[in-house]
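The values are calculated or read from the model by the stated rules, or taken from the named source; none is laboratory data. This one's a predicted model, so the numbers in the text were calculated from it and none came from an experiment. Cβ atoms come from the backbone with ideal geometry, glycine included; neighbour counts cover every protein chain shown. Accessible surface is based on the protein model in full, side chains and every heavy atom, while ligands, DNA and RNA are left aside. Shrake-Rupley method; radii C 1.70, N 1.55, O 1.52, S 1.80 Å.
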Amino acid sequence: KRRSSDTKKNFSFCTPLVVPRGNDYQIISPASDYVFSYALNGEELWKSHYPGGYSVVPRPVFRSNMVFVSSGYDRPTLYAIKTDGEGDVTRTKVVWEISKLAPRNSSVVVVEDLLFMAADNGVVSCLDADSGSTHWIERVGGSCSASLLHSGSLIYLTDESGETFVFKARKDFEKIAVNDLGERSLASLMAWDDSLVVRTAQAIYRFRDQ
């Protein structure tokens, strides 16, 4: 959607997110150059500017009163924005931002006060969700397009070679396992009941304890 006269690449692909706003709800929708908030009737509530951002893929993630959005291509930046604003909140509601190892494609996950993000090269960062400060940075996998999956006390990430890496959702990095399907994969993992679903270029796999 084109909302700015100077937007040159007016396309994005992420799924909007419905989050609370007081006693009602709002729709968070990242687009080219701006992330927008809309009331359920379509009225624009607020917007925040990320200059030059377009082709946004990562889905917004909400925690408490903040939403975390990536600006997409060409130089991704992750923004933490308070969701109670009105009008242009670029200078008033952006709590922190970080460009180092921010994702172009992978959606972040938030576990309590920790935010985990995977860069396109497979390097994972663990940040403080409130301040944006870094707890750890580790090369977990290879090139990846998939989003992180949090389940229980663990986080899962599948890279493009088909390896799935499992590590603890904690302030100190601890790798638990690596599982290699040997097939190219661009898709995010899916949890279904007590099983894990993985899609590769050749097949769909479902794993569960027997």
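Taking the range 20-38 as the range and being in a strand (DSSP E or B), open to solvent by less than 60 Å² (accessible area, probe 1.4 Å) and not hydrophobic (A, V, I, L, M, F, W, C) as the test, the residues that pass are ARG21, GLN26, SER29, PRO30, TYR34, SER37, TYR38. Return a yes/no flag: does the range 85-95 have any residue that is open to solvent by 60 Å² or more (accessible area, probe 1.4 Å), more than 20 Å from GLU112 (Cα to Cα) and touching a residue at least 24 places away in the same chain (Cβ under 8 Å). Yes.
Close contacts from the range 98-119, counting a first residue that is more than 14 Å from PHE62 (Cβ to Cβ) and a second that is among the aromatic types (Phe, Trp, Tyr) and open to solvent by 30 Å² or more (accessible area, probe 1.4 Å), with Cβ to Cβ under 9 Å and a gap of 6+ residues or different chains, come to ARG104/TYR73.
Filter the range 175-196 down to the residues that are in contact (Cβ under 8 Å) with a residue 40 or more places away in the chain, small (Gly, Ala, Ser) and part of a strand (DSSP E or B) and list them by number. Explain how you work it out, then say what you get.
The first filter runs over the range 175-196 and keeps only residues in contact (Cβ under 8 Å) with a residue 40 or more places away in the chain, leaving 186-191, 196.
From what is left, the residues that are small (Gly, Ala, Ser) are 187-188, 191.
ALA191 - this is the single residue of the range 175-196 that is in contact (Cβ under 8 Å) with a residue 40 or more places away in the chain, small (Gly, Ala, Ser) and part of a strand (DSSP E or B).
Among the residues in the range 44-54, are any surrounded by fewer than 16 Cβ atoms within 10 Å (Cβ to Cβ), more than 16 Å from VAL94 (Cβ to Cβ) and modelled with pLDDT of 95 or more? Yes - at least one qualifying residue is present in the range 44-54. The listed residues are ASN41, ASN10, ASN105, and the only one of them that is touching a Lys or Arg at 6+ places or on another chain (Cβ under 6 Å), of a type outside the set (A, V, I, L, M, F, W, C) and outside any strand (DSSP E or B) turns out to be ASN10. Kindly check whether there is at least one residue in the range 107-114 that is in contact with a Pro (Cβ under 6 Å, 6 or more places away or on another chain) and surrounded by 15 or more Cβ atoms within 10 Å (Cβ to Cβ). The answer is yes; a qualifying residue exists. The single residue among LEU78, LEU45, LEU40 that is under 21 Å from ASP130 (Cβ atoms) and either of a type outside the set (Ser, Thr, Tyr) or touching a helix residue (DSSP H, G or I) at 6+ places or on another chain (Cβ under 7 Å) (or both) turns out to be LEU78.
Among the residues making up the range 88-98, those that are within 11 Å of HIS49 (Cα to Cα) and in a strand (DSSP E or B) are ASP88, VAL94.
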